[in-house]
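The values are calculated or read from the model by the stated rules, or taken from the named source; none is laboratory data. All values reported here derive from a predicted model rather than from experimental measurement. All Cβ positions, even for glycine, are placed from backbone atoms using ideal geometry, and neighbour counts span all protein chains on display. Quick note on the areas: whole protein, heavy atoms, side chains included, nothing else; ligands and nucleic acids left out. Shrake-Rupley method; radii C 1.70, N 1.55, O 1.52, S 1.80 Å.
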Amino acid sequence: MTATITEPRVALPGRDAYRDELTRIAEEDPWVVCLEADLGGKNHPFQRAHPDRFFNLGIAEGAMVDMAAGLAVGGYRPFLSTFAPFAALRAAESLKLTLGYLNAGVTVVAPYAGVSGAWFGTTHHCLEDLAVLRSVPGVTIAAPYGEAEMRAVVRAAARSGKPHYIRTGRNAAYTSLPGQDGELSLVAWDSTGTSGEPCLVSVGEEGTRLALEARERHPELAHAHLVYLDHDNLTRAAAELAGSHRRFVVVEEHRREGGVAEALALLMPRCEVVGVNAGHSWPAEGGDHHEVMARLGFDLPAVLSAAAELRRPDHQGLS
């Protein structure tokens, strides 16, 4: 008898996991609709399964958000997707009015966040979206790491019927931390670390990848992963973090201003918080995702350096 060898399934990138999960949800919920900005091509799974509830709006992002608002008022559960810079920045006014003022139950899924669209250049980079969306009251903001987290976040958004902004990358496919496939933890502890050592706080796909790599080098470091980044969730997460540690390195593919490090520093005034982020530069050269991040100073050496700096007893402040 010949044994059958089953190859392990490769994890899906965040944007593909979103499309697949939403298609499954729509099989049970006839009120779920999907709007896209011409990103899915002819093989979009939702379009194939539910063509009467799929709308391709092209490069009219503001109109797409406005249309989603109308659908939500009509009782539907609209999910819309476009590049992060075009969702959070080009359609910012429509997002503010739809997700904030109207509190419409619209979920925005924004791939190509950070500099994941590396070769596409500065116009397709988005290092400011958390700052924009975190300033709009009532929006639940998520940056899942890996397929399981993305699926869980999409399911939670569909159940809640509340405004959501979900940030993801381009093609990177990661395996979520253990236990993050059901009810997501407010703080997912990868490791509580050695007593007195700094704690890495990871945000999003690349922030979490770098934190995991840093802990491989230094197992004594603690590592806490955050999925939900809006003010209400960060306030609760900060209480849990500050109850366990006093020094933190927040790793996020975002500008310093308006990011999670800045928010946690204000929420944990008795703790030391430093940020490893994309700084203030504008990438002027192409390259793959990791090459562009490194040019911005967002790489493993920067994380390790920040953790080492926090070990100094005279260190204070946010960077």
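In this structure, the amide hydrogen of Arg167, modeled 1.01 Å from its nitrogen in the peptide plane, lies closer than 5 angstrom to those of Ala110, Ala142, Ala143, counting only residues at least 5 positions away or on a different chain.
Beyond 11 Å, what percent of the Cα pairs of the range 90-129 remain? It would help to have the intermediate numbers written out before the result.
Numbers: 533 of 780 pairs.
Distances greater than 11 Å cover 68 percent of the Cα pairs.
Among Gln180, Ala158, Ala214, which residue has its Cα positioned farthest towards the positive end of the charge dipole of the range 138-234, with +1 placed on the Cβ of Lys and Arg, -1 on the Cβ of Asp and Glu, and the dipole taken about the Cα centre? In the range 138-234, that residue is Ala158.
Which percent, to the nearest 5, of DSSP beta bridges fully inside the range 160-246 are antiparallel? Expressed as a percentage, antiparallel bridges in the range 160-246 total about 40. Of all DSSP beta bridges confined to the chain, the antiparallel ones make up roughly 15%.
Charges were assigned to the Cβ only: +1 to each Lys and Arg, -1 to each Asp and Glu. The resulting dipole of the range 1-131 about its Cα centre is roughly 100 debye. Taking amide H as placed 1.01 Å from N in the peptide plane, the amide H of Arg256 sits under 5 Å from that of Ala278, Gly279, each at least 5 places away or on another chain.
Order these peptides, 90-103, 46-59, by their mean beta-carbon neighbour count within 10 angstrom, highest first. Working shown, then result.
Numbers: 90-103: 18.7, 46-59: 15.4.
Top of the packing list down: 90-103, 46-59.
Nearest 20 debye, what's the magnitude of the dipole of the range 138-221 about its Cα centre given +1 on Lys and Arg Cβ and -1 on Asp and Glu Cβ? Could the numbers behind the result be given before it?
Values: 9 positive and 11 negative charges, 93 e Å.
Here the size comes out at about 440 debye.
Divided by 2.2 N^0.38 Å, where N counts the residues, the Cα radius of gyration of the range 177-319 comes to 0.99. Kirkwood's formula applied to the C-alpha pairs of the range 238-289 gives a hydrodynamic radius of 12.2 angstrom.
If packing is taken as the mean number of other Cβ atoms within 10 Å per residue, what is the order of 14-23, 230-239, highest first? Let's see the in-between values first.
Details: 14-23: 23.4, 230-239: 17.2.
Output ranking for 14-23, 230-239: 14-23, 230-239.
Carbon-plus-sulfur fraction of the accessible area of the range 7-162, 1.4 Å probe, in percent? That fraction is 55 percent. The value of relative contact order for the range 73-207, using C-alpha pairs under 8 Å at least six residues apart, is 25 percent.
Report, in cubic angstrom per residue, the convex hull volume of the C-alpha atoms of the range 122-243.
Working: hull volume 14.8 nm³, N = 122.
Convex hull volume per residue, Cα atoms: 121 Å³.
Per residue, the convex hull spanned by the Cα atoms of the chain amounts to 151 cubic angstrom. The order of the peptides 255-265, 177-187, 294-304 by mean Cβ neighbours within 10 Å, most packed first, is 255-265, 294-304, 177-187. Of the residues Ala237, Gly75, Ala87, the one whose Cα sits farthest toward the positive end of the charge dipole of the chain, with +1 on the Cβ of Lys and Arg and -1 on the Cβ of Asp and Glu, is Gly75. The phi-based Karplus calculation (6.51 cos²θ - 1.76 cosθ + 1.60; θ = phi - 60°) puts the 3J(HN,Hα) values of the range 161-169 at x, 9, x, 9, 10, 10, 9, 8, x Hz, whole numbers, x for Gly and Pro.
With every protein chain kept in place and ligands, DNA and RNA left out, what is the accessible area per residue of the chain? Probe 1.4 Å, answer in Å². Show your work: numbers first, answer last.
Values: 13960 Å² over 319 residues.
With all protein chains present, the chain gives 44 Å² per residue.
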